[in-house]
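The values are calculated or read from the model by the stated rules, or taken from the named source; none is laboratory data. From a predicted model like this one, the values you see are computed outputs, not experimental measurements. Every residue, glycine as well, gets a Cβ built from its backbone with ideal geometry; the counts of neighbours run over all protein chains shown. Just so you know, the surface numbers come from the protein's heavy atoms only, side chains and all, with ligands and any DNA or RNA stripped out. Shrake-Rupley method; radii C 1.70, N 1.55, O 1.52, S 1.80 Å.
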Amino acid sequence: MRVVSLLPVLLLFFVAACQAPDSPETVVRKWQAHIDNNEFDKAKTLSTPRTEQLLSWMEALLSDMEADSVITHTNFVELTCRENGDKAVCYYGLEAEGQLFNDSFLLVRTEGKWLIDLPEEPPYEEDADVEELFEVLSQDSLDL
């Protein structure tokens, strides 16, 4: 009898879990996987309009190359996201082709959906070291 009474509760839990919007971390992981596989149209569904424009440019740039030669294999070594209302920043360490890259993704929530929002210019100087980068991003990114 108890099993039958728990069934509706479990069913509601699973339905709610399936309908819950993706977290910033989940969106970053999905977006990067699409980029790695040159699935730019899929990545655009997780992007703001200005990021979609950047992806269109990247797609055009890579269109002349053989498909196998531009597939990238990346691995997030670290990924930490902070939310502030409808904005989020995700700091990451990404390993690609034996090199480690440290940077961040900015995200905005639009109509309940988190979207990657790459700025046209980084909010830091290009020759900044990693510590300066994280300090600048942690102070300013969520105030955009």
List every residue whose amide H lies under 5 Å from the amide H of residue 114, counting only residues 5 or more places away in sequence or on a different chain, with H placed 1.01 Å from N in the peptide plane.
22
With R₀ set to 22 angstrom, the calculated FRET efficiency between the beta-carbons of residue 59 and residue 96, to the nearest 0.05, is 0.75
Rounded to whole Å², per residue accessible area for the range 22-91 with a 1.4 Å probe reads 59 Å²
